[in-house]
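Since the structure comes first, as structure tokens, the remarks are kept for the end.
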Amino acid sequence: MALTQDFRTFGLVRLIQLNCTEKKTGRLSIRSQDKQGCIYFENGEITHAQFGNIIGRDAVFRVLLLTEGEFTMEEGVASTLRTNQIPCAELLLEGIRLLEESHAPRGHAHQRLIADLMKIPGVLGGLIALKDGSLLHQTGTPEPERLAALVVFTALRAQSMGVRQAWGNFEKITLLLGSQRMVILDRDPDFVGLLMDPGANDARIDRSIERALKNYSMERL
């Protein structure tokens, strides 16, 4: 069964990561403006990739930089071509690094987002992490490295379940951490984790958080 999605509703980083971790075999076909490409997976490893006249790992990196278009994932389709020998996890980490650099200067954007979120009544702490678990920025979170790893692990598990059950991508996950709550939000290629006051007004906070995230997304364009 083929899965077709728009880049804006389901990020390519997320899909490639899921195919790797779940050891999928299949073909990812990409269409963006007037260009087409494909990435083939075999038991969770990328065996062949092409985008326009670019092949191999450079094609994967070029695809990760795309911001608009659509893709189709067909499971069980393999390629006889071998244009990549780099392990999927290593390839994806390098691709995420290049993606981060393409949004430079993003360090200031990360700091501004967390600063804006911390101004919202009911938000006790916040962090931003890459999907490899790397902590980008945090304020007010105890054991931030551990929390970043927990945020990423939980979010990737939720994404994996959403793909398997055809539920689509999650908007928000809430974890109970003792007397506090951790809210996890996906802002591809980052995850945002917020420690919340359990007595806070969720409806009012959600509107304020959405405004801050919208400004963050605009700043990254």
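The values are calculated or read from the model by the stated rules, or taken from the named source; none is laboratory data. Quick caveat: nothing in here was measured; it's all calculated off a predicted structure. Cβ sites come from the backbone with ideal geometry, for glycine too, and all protein chains shown count toward neighbours.
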Problem - Residues that are within 27 Å of R157 (Cα to Cα) and in contact with an Asp or Glu (Cβ under 8 Å, 6 or more places away or on another chain), drawn from the range 32-56 - result: G44
Problem - Cross-chain or 6+ apart pairs with Cβ under 7 Å, the range 150-167 first and more than 16 Å from L135 (Cβ to Cβ) and surrounded by 11 or more Cβ atoms within 10 Å (Cβ to Cβ), then modelled with pLDDT under 85 and among the charged types (D, E, K, R) - result: Q159/R14
Practice task
Can you run down the residue pairs with Cβ atoms below 7 Å, 6 or more apart or on separate chains, where the first is in the range 58-78 and among the aromatic types (F, W, Y) and the partner is part of a helix (DSSP H, G or I)?
Solution key: F61/G95; F61/L98; F71/L12
Handout entry: Test for G133: is it closer than 19 Å to G11 by Cα, modelled with pLDDT under 90 and not in a helix (DSSP H, G or I)
Key = yes
Problem - Only listed residue being more than 15 Å from the chain's Cα centre (by Cα), crowded, with 17+ Cβ neighbours inside 10 Å and on the phi > 0 side of the Ramachandran plot, chosen from G126, G140, G122 - result: G122
Practice task
Go through the range 73-97 and give me each residue that's touching a helix residue (DSSP H, G or I) at 6+ places or on another chain (Cβ under 8 Å) and part of a helix (DSSP H, G or I).
Solution key: C88, A89, L91, L92, E94, G95, I96
Completion exercise
Sole miss for L135 among (1) out of contact with any Phe, Trp or Tyr (no Cβ under 9 Å at 6 or more places or on another chain); (2) at positive phi is condition (2)
Exercise for the section: Take I39 and decide whether it is within 16 Å of L99 (Cβ to Cβ), among the β-branched types (V, I, T), outside the structural domain of Q159 (by TED's automatic domain parsing) and in contact (Cβ under 8 Å) with a residue 12 or more places away in the chain. Expected result: yes
Fill in the blank from the handout: Among (1) touching a Lys or Arg at 6+ places or on another chain (Cβ under 7 Å); (2) at pLDDT 90 or above, L194 falls short only on (1)
Handout entry: Number of the exception - G107 against (1) of a type outside the set (V, I, T); (2) farther than 27 Å from L18 by Cβ; (3) modelled with pLDDT of 85 or more
Key = (3)
Problem - Leading residue by the ranking (farthest from the chain's Cα centre (by Cα)) among those in the range 75-88 that are exposed (fewer than 14 other Cβ atoms within 10 Å of the Cβ) and under 17 Å from L18 (Cβ atoms) - result: G76
Completion exercise
Scanning the range 36-58 for residues that are more than 20 Å from E22 (Cα to Cα) and loosely packed, with under 15 Cβ neighbours inside 10 Å, the one modelled with the highest pLDDT turns out to be Q36
Exercise for the section: Quick one: count up the residues across the range 59-88 that are of a type in the set (D, E) and modelled with pLDDT under 90. Expected result: 2
